[in-house]
There are 2 protein chains.
Amino acid sequence: MKDRHVSEAVIRRLPKYYRQLQELKKQGIERISSGELSVKMGLNASQIRQDFNCFGGFGQQGYGYQVSSLLKEIGSILGLDQRYKVILVGAGHIGQALTSYSGFARQGFDIVAAFDNDERLIGRQLDVATVRPIGEIAEFLTQNRVDIGIIATPKEVANEICELLTKGGVSAIWNFAPVDVSSENVIVENVHLSDSLYVLSFRLNQLRAED
Amino acid sequence: MKDRHVSEAVIRRLPKYYRQLQELKKQGIERISSGELSVKMGLNASQIRQDFNCFGGFGQQGYGYQVSSLLKEIGSILGLDQRYKVILVGAGHIGQALTSYSGFARQGFDIVAAFDNDERLIGRQLDVATVRPIGEIAEFLTQNRVDIGIIATPKEVANEICELLTKGGVSAIWNFAPVDVSSENVIVENVHLSDSLYVLSFRLNQLRAED
């Protein structure tokens, strides 16, 4: 199932397939053709078949895909059949929004600790953990294996926190600070909320230009 | 400058170019070749030249791109040289995180009103607006032209809010509820935070499979 040559574009489409299949399953749809899936996803059918072929292909000619087994396969490729220990650094609005979203725990991501340097937040009981002082991160990491660190701090300290987490053995960083962080030997996803806002304004202006 | 045939992939890369160029400008870099830009962005140079050619091309053979003028051009293509009136529906953690991020106003997006149905939030003064009851949205929209509506509500009501905003003349929806919303005649960006988390878990598992 592992393929080292899966392109970035295919990887980015996998979560979208996963969400679409979850939705189909919820609607009680048991089987779907690549053609029907292509309409729902706004991709062309041969693209979808090609994507799935990267992982050995899941369909049967003329039969389509079985929704629940395809969902399970893609979930497994995405590693969603496993559990992850997650810590949150920065317990402001974004951090609290993430900890209060129950979907992450359902999907295998357990937030086991939260840290902040704001005295008003330290000691506060969030949905999943009590906020501890940032100074305790290093010690926490010597005592606990952590897979993913969420950075939801101001941008000024984000890279410093990224270094601290990486040194402590965290394997992956999910960064919401509005600056790209990086470090050797760590997997990083920098989330840029404004990117989708800029796509909105691009389309708004296309629309206005037509009027 | 307007081109109806710009592909989705190119549109999605524009904000990334914009961010990269902002960063270069901040670093005081005045000129950059497509080769240097390609290294910084993890794209190949011919891809970059092709992308820019969709908009008429900005470079000069053997000279490279002038950072500040390219930044201005791409900003203008993205519509970031204009201002937008934005309302927020749902003033919970995500909503408050968005209103307290000063970068949006700097970039031309002015949050002019916020709405929620939670009695504890109504009347609260956020950084940009006082939270009003959701029941006042329709009237607000008859009296104010609004370009963009942010939906940061629970998923159960997101589509209903989307309809309400569209009927009130809002042109674009930036949706953070974990369900896709849609409506005729409205531009929608559905933000799926979990997509990037799933890419993280995919890469974590690739790494583990190598060990």
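Observations, loosely collected:
- Meets criteria (within 14 Å of the chain's Cα centre (by Cα) and within 17 Å of residue B:161 (Cβ to Cβ)) for residue B:78: no
- So residue B:98, is it assigned to a loop (DSSP other than H, G, I, E, B), in contact with a strand residue (DSSP E or B) (Cβ under 9 Å, 6 or more places away or on another chain), under 30 Å from residue B:143 (Cβ atoms) and in contact (Cβ under 8 Å) with a residue 24 or more places away in the chain: no
- If you go through region B:1-46 and keep only what is in a helix (DSSP H, G or I), open to solvent by less than 60 Å² (accessible area, probe 1.4 Å) and within 12 Å of chain A (Cβ to nearest Cβ), you end up with B:9, B:10, B:11, B:13, B:14, B:15, B:17, B:18, B:19, B:20, B:41.
- Scanning region B:177-211 for residues that are modelled with pLDDT under 95 and acidic (Asp, Glu) yields B:180, B:184, B:195, B:210, B:211.
- In region B:139-159, the residues that are free of Cβ contacts under 8 Å to residues at least 40 places away in the same chain form Cβ pairs under 7 Å with partners that are surrounded by 15 or more Cβ atoms within 10 Å (Cβ to Cβ) and assigned to a strand (DSSP E or B), at six or more places apart or across chains, as follows: B:158/B:151; B:158/B:175.
- Helices (runs of 4 or more DSSP H) contained in region A:134-211 and holding at least 1 residues over 14 Å from residue A:115 (Cα atoms) and facing another protein chain (nearest Cβ under 9 Å): A:193-210
- Among the residues of region B:99-123, the one identified as modelled with pLDDT of 95 or more and of a type in the set (Lys, Arg) is B:120.
- Of all the numbered requirements in (1) within 14 Å of chain B (Cβ to nearest Cβ); (2) modelled with pLDDT of 90 or more; (3) more than 19 Å from residue A:173 (Cα to Cα); (4) open to solvent by 20 Å² or more (accessible area, probe 1.4 Å), residue A:77 misses one, and that requirement is (4).
- Exactly one residue out of B:86, B:128, B:112 is β-branched (Val, Ile, Thr) and in a loop (DSSP other than H, G, I, E, B), and it is B:128.
- Scanning region A:93-106 for residues that are open to solvent by 30 Å² or more (accessible area, probe 1.4 Å) and either in contact with a helix residue (DSSP H, G or I) (Cβ under 6 Å, 6 or more places away or on another chain) or at the interface with chain B (Cβ under 8 Å from one of its Cβ atoms) (or both) yields A:93, A:94, A:100, A:101.
- Test result for residue B:83, basic (Lys, Arg), open to solvent by 40 Å² or more (accessible area, probe 1.4 Å) and within 13 Å of another protein chain (Cβ to nearest Cβ): yes
- Members of region A:99-157 found to be farther than 24 Å from residue A:180 by Cβ and either under 16 Å from the mean Cα position of the chain (by Cα) or among the hydroxyl-bearing types (Ser, Thr, Tyr) (or both), listed by number: A:100, A:102, A:103, A:105, A:106, A:107, A:108, A:110, A:130, A:142
- Region A:47-73, residues that are open to solvent by 40 Å² or more (accessible area, probe 1.4 Å), under 14 Å from residue A:20 (Cα atoms) and in a strand (DSSP E or B): A:66
- Scan of region B:108-125 for residues that are open to solvent by 30 Å² or more (accessible area, probe 1.4 Å) and either within 12 Å of chain A (Cβ to nearest Cβ) or within 20 Å of residue A:91 (Cβ to Cβ) (or both), ordered by number: B:120, B:124
- Residue within region A:144-158 that is more than 24 Å from residue B:199 (Cβ to Cβ) and modelled with pLDDT under 95 present: yes
- When region B:179-192 is filtered for residues that are open to solvent by 30 Å² or more (accessible area, probe 1.4 Å) and touching a strand residue (DSSP E or B) at 6+ places or on another chain (Cβ under 9 Å), the ones remaining, listed by number, are B:179, B:180, B:182, B:188, B:190.
The values are calculated or read from the model by the stated rules, or taken from the named source; none is laboratory data. Here the structure is a predicted model, which is why all the values come from computation and not from measurement. Glycine also receives a Cβ, built like all others from the backbone with ideal geometry; neighbour counts cover every protein chain displayed. SASA here: full protein model, heavy atoms, side chains in, ligands and nucleic acids out. Shrake-Rupley method; radii C 1.70, N 1.55, O 1.52, S 1.80 Å.
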